[in-house]
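J.: Quick one: this structure, given as structure tokens, is what I'll be asking you about.
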Amino acid sequence: KKTQVCIIGSGPAGLLLSQLLHNEGISSIIVDRQSRSRIEERVRAGVLEWGSVEALEDAGIGERMHREGLPHSGFDLAFDGDLHRIDLTALVDKRVMVYGQTEVTIDLIARRLKQGCEIIFSAEEVQPIDVKSDAPKVRYTKDGETVEITCDYIAGCDGFHGVSRQTIPQDILKTFERVYPFGWMGVLVEKPPVSDELIYANHQRGFALCSMRSPTRSRYYVQCPTTDKVEDWSDARFWDELAVRIGPQVAANLETGDSFEKSIAPLRSFVAEPMRFGNLFLCGDAAHIVPPTGAKGLNLAIADVRILSRGLIEHYKRAQDAYLEAYSQTCLKRVWKVERFSWYMSTMLHQFPEFSGFEKRMQRAEFDYLAGSEAASQALAENYVGLPLEM
Ligand code: FAD
Ligand code: DHB
């Protein structure tokens, strides 16, 4: 097989890249090791920056998002029961959109297949080869047959556990990592959300987040030890814990029920540099991970892909490689700022087992500073709605 850009990974990064390239007449094939149904069932992120909303719109797949998505113009921070609203519209004149990553992925897969894009699901032993040459290949096995796709460029959009990053030699790849000593236990429930807006809460018993997927479907998270298993969390235990952490005032409106999705996610900060090796480009979780506090993982993946598509379009349409040459540098500059914000939000809002009284007072002082300072709230809001692609 032959194509211009071979994309490893059919998550939001790979799919959106394929769509943006297709819209400019550039061909791509996507290879993923999972089945379509597994990919479409994964429950992950829920908040889109407005830049991401516009990117999906521009790519021509914004129709259902605008019909079903919920624009939010603010959210609450809570600290031991005290509330401070971050008014995004008043502070930075922007909003965010609550629309699940699951829906973004479903919309993109449907559109790509309808337009005739080849997506190879359930591929085994996927491997980028000859990435330093000008005819790199992606090899995979399916139904016992081994296939090679020859291309000009490979986009490694295969997430944190993918193969793309691993093909970069160890003496070239630098990695930076911080693993947090807790995880997030998340549930989905078919009940209206406790509040019209998201609530991020720090409580002595740990972090909690009230989010949603629609006016009738809620998504809640509580901080838990990394050693916990989903089975340790009965619905009853989850609701009791959530109610304590969000405080009696908010909990008075909490509608509980049988959860239909439960999972525990670890929290990690991770960056790999550079994001390009030869004709292999890394995008999204393949290159970096942020802890979920602040909802940046998906948005960062979308930003990478916007930057890469611009470079590839310049290459194919105008034989200009300046954007492509600058890809890694342009992305990393923004990636580190978003890493900083996610680390800051995570540090302010969680209970760290190793924190002394001093650090706990620092967290409270941070909250009080935000609550009393428009400048501080504005800085937080500017990051939450999304930094520009280049600044
Ligand atoms: P992915 O969505 O991970 O897609 C990678 C694709 O590559 C997958 O389809 C995978 O099957 C495929 N793949 C992997 N290995 C191979 C291989 N060897 N060969 C071929 N294909 C391969 N972010 C938030 O902002 N908020 C959240 O609440 C949140 N929750 C999360 C919960 C979980 C459990 C996880 C894992 C992530 C969560 N994130 C969250 C992060 C966010 O979902 C990611 O940042 C986003 O999915 C990144 O998109 P991506 O396309 O780069 O990678
Ligand atoms: C969701 C996840 C986040 O990490 C976040 O900051 C906000 C919302 C969610 O899954 O709804």
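J.: Mind checking which aspartates and glutamates have their Cα closer than 14 Å to the Cα of Lys2? Skip sequence neighbours fewer than 8 apart in that chain.
T.: Glu118, Asp134, Glu148, Asp152
J.: On a 0 to 90° scale, report how tilted helix 101-114 is relative to the longest principal axis of the chain, with both axes built from alpha carbons and the result rounded to the nearest 10.
T.: Helix 101-114 sits at roughly 20 degrees to that axis.
J.: Principal axis extents for segment 176-296, Cα atoms only, whole Å, descending order, please.
T.: Principal axes ranked by extent give 56, 30, 24 Å for the Cα atoms.
J.: Another question, if that's okay. Quick check: the distance between the Cα centres of segment 161-191 and segment 74-150, to the nearest angstrom?
T.: 15 Å
J.: Using only the Cα atoms of segment 333-391, construct the convex hull and provide its projected area averaged over every direction, in square nanometres to one decimal.
T.: 4.6 nm²
J.: How big is the gap, in Å, between the Cα center of segment 339-391 and the Cα center of segment 257-301?
T.: 20 Å
J.: By its C-alpha gyration tensor, with a ≥ b ≥ c as the square roots of the eigenvalues, how is segment 1-159 shaped: rounded for a/c under 1.5, else prolate for a/b larger than b/c, else oblate?
T.: prolate
J.: Still on this structure, I have one more. With a bin width of 5 angstrom, please list the P(r) values of segment 252-391 as percents of all Cα-Cα pairs, from the 0 bin to the one holding the largest distance.
T.: Reading upward from the zero bin: 2, 8, 15, 16, 15, 14, 12, 8, 5, 3, 2, 0, 0.
J.: Take the chain, compute every pairwise Cα distance, and split them into 10 Å bins from 0; I just need the percent in each bin.
T.: 5, 23, 32, 24, 12, 3, 0
J.: If you don't mind, there's one more thing I want to ask. Per residue of the chain, what 222 nm ellipticity follows from adding -39500 (n - 2.57) for every DSSP H run with n ≥ 4, rounded to the nearest 500?
T.: Mean residue ellipticity, 222 nm, calculated: -11500 deg cm²/dmol.
J.: Let a ≥ b ≥ c be the square roots of the eigenvalues of the Cα gyration tensor of segment 95-175; is it rounded (a/c under 1.5), or, if not, prolate (a/b larger than b/c) or oblate?
T.: oblate
J.: Between the helical axis of 297-318 and the dominant principal axis of the chain, each derived from Cα atoms, what acute angle in degrees is found, rounded to the nearest 10?
T.: The answer is roughly 30 degrees.
J.: So what's the angle, to the nearest 10 degrees on a 0 to 90 scale, between helix 327-349 and the longest Cα principal axis of the chain?
T.: Between helix and principal axis, roughly 20 degrees.
J.: Let me ask something additional. Measure up Lys191/Lys262; Lys1/Lys142; Lys174/Lys296; Lys296/Lys360; Lys137/Lys333; Lys229/Lys262 against 19 Å on the Cα-Cα distance and list the ones that go over.
T.: The answer is Lys174/Lys296; Lys296/Lys360; Lys137/Lys333.
J.: Next up: Normalised by the empirical 2.2 N^0.38 Å for globular proteins, what value does the Cα Rg of segment 1-76 take?
T.: 1.28
J.: Please give every one of the aspartates and glutamates within straight-line cross-link reach of Lys94, meaning a C-alpha to C-alpha distance under 12 Å, and leave out same-chain neighbours fewer than 8 residues apart.
T.: List returned: Glu49, Glu382.
Readers should treat all values here as calculations from the given coordinates under stated rules, not as data from a laboratory. A quick note: this is a predicted structure, and the numbers were derived from the prediction, not measured.
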